[in-house]
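Chemist: The structure under discussion is supplied below as structure tokens; questions concerning it will follow.
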Amino acid sequence: MNALLSTVAVRRGNEAELVRQDELPPLQHFIDGTFAEAADGARTPIVNPADGRLICDVPEGTPADVDVAVAAARRAQGAWSQTTPAERSALLLSIADKLEEHEDVLARLESLNTGKPLSTSNDDVAGSVDTFRFMAGAGRALTSLAAGDYAAGHTSVILREPAGVVGVITPWNYPLLMAAWKIAPILAAGNSVVLKPSEQTPLTTLKFAEIIADVLPAGVFNVVTGLGPSVGERLATHPDIDLVALTGSVNSGKAVASAAGDTVKRVHLELGGKAPVVVFADADLSAVAESLRAAAFYNSGQECGAACRVLVHESVAEQLTELLVEQVSSFVIGEPTAGEDIEIGPLVSEAHFRRVAGYLERAQKEGITAAIGGAPLDGPGFFIAPTILTNVPAGAEASQNEIFGPVVTIETFSDEDEVVSRSNETPYGLAASVWTRDAARSIDVPRKLDFGTVWVNSHLVLANEVPWGGFKGSGYGRDLSIYALEDFSRTKHVMINHAR
Ligand code: NAD
């Protein structure tokens with residue numbers, strides 16, 4: 001493969017520690033308002049992806065730890081569910097203020113644990129603050145249908161109630177932000193929480209618990225660290241958990257949904273994606289290339305909505321490829337400590353690095369060429385060169401599977417029906433974008449695309465006011481917006497017979 005970026009060096013940071021030892025959170029579970037020892041002594045190592053070194057270790061929790069946390073959440077749930085929306089709103093606003101007060105250490109911890117540039121971690125913290133502020137307001141506006149008379153002599157009242165105790169399982173790509181997307185609406189709707197962060201990136205979730213420990217009543221929010229098949233599975237099977245919400249891969253989503261089946265608990269799944277970027281011949285190609293610089297490579301492409309699969313009309317494919325290569329060639333790659341201008345960090349772990357490198361090797365064997373990048377970069381750390389793959393045939397592995405790295409594939413199409421059906425042919429249905437200046441096409445084509453979010457002349461722009469979530473293999477349930485509050489609550493019909 002043509003590895004044009006192999007000469008690009010990873011910029012290394014200075015020796016200064018990103019996070020001081022005394023800034024780490026307590027490395028324990030957080031249960032019933034305090035940090036607590038695990039039932040047994042096993043620990044999970046936490047690694048810095050920028051240099052492969054050990055940062056610390058956290059408890060490798062067990063189902064017994066989950067049981068203690070669920071009991072605390074259940075005890076707290078009764079009184080918490082009786083608080084008014086205004087009371088919960090005030091606490092959510094305090095959490096937002098506390099996060100803002102500690103934004104610097106939270107961002108540095110996130111970069112230490114994930115390797116992401118500090119600018120990306122700053123975005124994550126700011127986004128988390130805004131999620132708590134939005135949910136503090138939206139929770140007060142949550143309503144249900146007005147009362148009405150639908151049967152003779154009977155008046156129906158629809159009550160909205162919390163779901164109960166909610167189990168939450170989060171991924172490593174945006175550890176704090178994905179936790180905030182769940183915690184804020186779940187608490188706003190009057191539920192209590194037991195959360196398991198990714199075993200690779202628990203540090204900001206534990207720091208969050210430390211920061212907000214005195215804000216919430218004990219037991220309303222709990223964290224148990226550990227692995228998916230033990231702690232995660234117990235959250236899915238626990239008879240006293242009412243709803244389990246996972247953000248993660250499709251395989252974990254399937255495991256959680258089937259484990260939750262025995263107790264018939266509700267399931268909320270935000271899973272993987274493979275977003276098609278449909279570029280018609282009349283699109284503003286410079287705008288596409290500029291937008292994809294961020295939308296495809298943000299967070300090193302470890303982003304479920306990443307603009308990773310370009311389908312471009314054959315008449316403008318060469319021009320767009322040139323513009324994209326130009327954008328990608330100016331990326332500054334390095335460790336988070338290497339400067340504020342760093343845009344691309346390492347992948348999160350050695351295992352994930354090998355996985356992405358494997359996709360590149362297999363693509364090369366299939367005859368796919370790299371217009372830029374296409375190879376791992378020199379270690380230490382788990383860096384892959386930002387890559388654009390061209391000559392990608394329809395149905396190729398690289399264009400169908402979620403690579404979850406800094407890799408964009410380019411395919412061409414010749415007509416609208418063809419590009420709609422090829423866009424829809426993946427098992428994923430999270431996000432897509434359509435690029436055109438034709439007004440009719442800008443509403444027609446999005447309607448035909450089977451994705452939970454479709455941007456027009458844009459990609460990866462999110463806001464707390466609008467829902468986020470997928471169709472098909474990308475799961476079901478919605479994060480953000482009033483729809484998340486609906487997902488994390490339940491409706492009850494009370495029918496009053498007032499016939500005389
Ligand atoms: P992952 O599925 O490996 O892990 C996610 C979480 O699930 C972790 O906490 C893990 O421990 C847990 N888990 C794993 N197996 C489990 C099991 N059998 N039972 C219960 N829990 C289990 O995902 P990841 O690698 O951490 O994150 C990347 C994935 O997340 C990608 O596929 C990405 O697209 C997806 N993601 C989706 C969204 C979205 O909003 N749709 C957002 C971010 C990430």
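The values are calculated or read from the model by the stated rules, or taken from the named source; none is laboratory data. Predicted model only: the values in this text are computed from it and were never measured. Cβ placement follows ideal geometry from the backbone for every residue including glycine, while neighbour counts extend to all protein chains displayed. Ligands, DNA and RNA are excluded from the accessible area calculation, which covers all protein heavy atoms including side chains. Shrake-Rupley method; radii C 1.70, N 1.55, O 1.52, S 1.80 Å.
Chemist: What is the P(r) of the chain, as percent of Cα-Cα pairs per 10 Å bin from 0?
Modeler: In whole percents, the pair-distance histogram is 4, 19, 28, 25, 15, 6, 1, 0, 0.
Chemist: Probe radius 1.4 Å, ligands and nucleic acids ignored: give me the carbon and sulfur share of the accessible area of the chain as a rounded percent.
Modeler: Heavy-atom surface of the chain belonging to carbon and sulfur, 1.4 Å probe: 52 percent.
Chemist: With every protein chain in place, what's the accessible area of Asp104 (1.4 Å probe, Å², nearest 10)?
Modeler: 90
Chemist: Hey, what's the Kirkwood Rh for the stretch 302-341 if you take every pair of different alpha carbons, in angstrom?
Modeler: So the Kirkwood estimate lands at 12.7 Å.
Chemist: Could you give the angle, 0 to 90 degrees to the nearest 10, between helix 63-82's Cα long axis and the longest principal axis of the Cα atoms of the chain?
Modeler: Taking the Cα atoms of the chain, the angle to 63-82 is about 60 degrees.
Chemist: A further question follows. Rank these by accessible area, largest first, 1.4 Å probe: Lys448, Lys265, Lys254.
Modeler: On the way: Lys448 95, Lys265 20, Lys254 130 Å².
These residues rank, largest area first, as Lys254, Lys448, Lys265.
Chemist: Another one. Rounded to the nearest 10 Å², what accessible area does Arg490 have for a 1.4 Å probe in the complete protein model?
Modeler: Here the accessible area works out near 110 Å².
Chemist: Between His154 and Ala440, how high is the FRET efficiency from 1/(1 + (r/R0)^6) when r is the Cβ-Cβ distance and R₀ = 56 Å? Nearest 0.05.
Modeler: Working from the Cβ atoms, E equals 0.70.
Chemist: Please state, as a whole number in µm²/s, the translational diffusion coefficient that the Stokes-Einstein equation yields for the stretch 246-297 at 37 °C and 0.692 mPa s, with Rh defined as the Kirkwood radius across alpha carbon pairs.
Modeler: Once the numbers are plugged in, D ends up at 235 µm²/s.
Chemist: Pick out, in residue order, every one of the trypsin sites (Lys or Arg not before Pro) in the stretch 33-103 that is DSSP loop and has at most 11 other C-beta atoms within 10 Å; say none if there are none.
Modeler: For trypsin sites (Lys or Arg not before Pro) across the stretch 33-103 that sit outside H, G, I, E and B with at most 11 neighbouring Cβ atoms in 10 Å, the list reads Arg53.
Chemist: Relative to the longest principal axis of the chain, what angle (0 to 90°, nearest 10) does the C-alpha long axis of helix 203-212 take?
Modeler: With rounding to tens, the tilt is 40 degrees.
Chemist: A follow-up question, please. Let me have the relative contact order for the chain, percent, based on Cα pairs under 8 Å that are six or more residues apart.
Modeler: Answer for the chain is 21 percent.
Chemist: For helix 317-328, what angle does its Cα long axis make with the longest principal axis of the chain, in degrees from 0 to 90 and rounded to 10?
Modeler: 70
Chemist: Using a probe radius of 1.4 Å on heavy atoms only, what accessible surface per residue do you get for the stretch 3-153? Whole Å² is fine.
Modeler: 47
Chemist: May I ask you to give the average projected area over all directions of the convex hull of the Cα atoms of the stretch 67-133, in nm² rounded to one decimal? The partial results should precede the final answer.
Modeler: Working: hull surface 23.3 nm².
Average projection, Cα convex hull of the stretch 67-133: 5.8 nm².
Chemist: Please report, to two decimal places, log10 I(q)/I(0) for the stretch 320-393 at q = 0.28 Å⁻¹ as given by the Debye formula with identical point scatterers on the Cα atoms and no solvent.
Modeler: Each listed q corresponds, in turn, to -1.27.
Chemist: Further question on the same structure: Note the full-extension length gain between Ala141 and Asp22 as 0.36 nm times their separation in residues minus their Cα-Cα distance, in nm to one decimal.
Modeler: Numbers: separation 119, 0.36 × 119 = 42.84 nm, distance 4.08 nm.
Stretched out fully, the Ala141 to Asp22 stretch lengthens by 38.8 nm.
Chemist: Among Lys274/Lys365; Lys365/Lys448; Lys196/Lys265; Lys274/Lys448, which pairs are too far apart, with a Cα-Cα distance over 26 Å?
Modeler: Over 26 Å apart, Cα to Cα: Lys365/Lys448.
Chemist: Averaged across orientations, what area in nm² does the convex hull of the alpha carbons in the stretch 131-228 project? All intermediate terms of the calculation are to be shown ahead of the outcome.
Modeler: Details: hull surface 32.1 nm².
So the mean shadow area of the Cα hull is 8.0 nm².
Chemist: Still on this structure: When the C-alpha atoms of the stretch 458-500 are aligned to their principal axes, what extent does each axis show, in angstrom, from largest down?
Modeler: Computed over the stretch 458-500, the largest-to-smallest principal extents equal 60, 24, 15 Å.
Chemist: Which whole-percent values make up P(r) of the stretch 45-92 when all C-alpha to C-alpha distances are grouped in 10 Å steps starting at zero?
Modeler: Percent of Cα pairs in each bin: 20, 24, 23, 24, 9.
Chemist: Next question, about the same structure. Using a 1.4 angstrom probe on the protein heavy atoms only, line up Glu335, Glu101 by accessible area, largest first.
Modeler: Glu101, Glu335
Chemist: Say each of Ala281 and Asp214 gets a label point 7 Å from the Cα, pointing the same way as Cα to Cβ; how far apart are those two points in nm?
Modeler: According to this spin-label approximation, the distance is 6.8 nm.
Chemist: With a 1.4 Å probe and all protein chains kept in place, how do Met495, Met178 rank by accessible area, largest first?
Modeler: Met495, Met178
Chemist: From Cα coordinates alone, what are the radius of gyration and Dmax values for the stretch 343-500 in angstrom?
Modeler: Radius of gyration, then largest Cα-Cα span, for the stretch 343-500: 20.8, 83 Å.
Chemist: In addition: Given N residues in the stretch 147-286, what is Rg(Cα) / (2.2 N^0.38 Å)?
Modeler: The value comes to 1.33.
Chemist: In whole Å, what is the distance between the alpha-carbon centres of the stretch 51-69 and the stretch 328-375?
Modeler: 29
Chemist: If you don't mind, another one. Let me test this: with uniform point scatterers at the alpha carbons of the stretch 242-337, what is the Debye-based log₁₀ I(q)/I(0) at q = 0.19 1/Å?
Modeler: Log10 of I(q)/I(0), two decimals: -0.88.
Chemist: Calculate the translational D of the stretch 14-71 in whole µm² s⁻¹ from Stokes-Einstein, where the hydrodynamic radius comes from the Kirkwood formula applied to all Cα pairs, the temperature is 10 °C and the viscosity 1.306 mPa s.
Modeler: Diffusion coefficient, whole number: 121 µm²/s.
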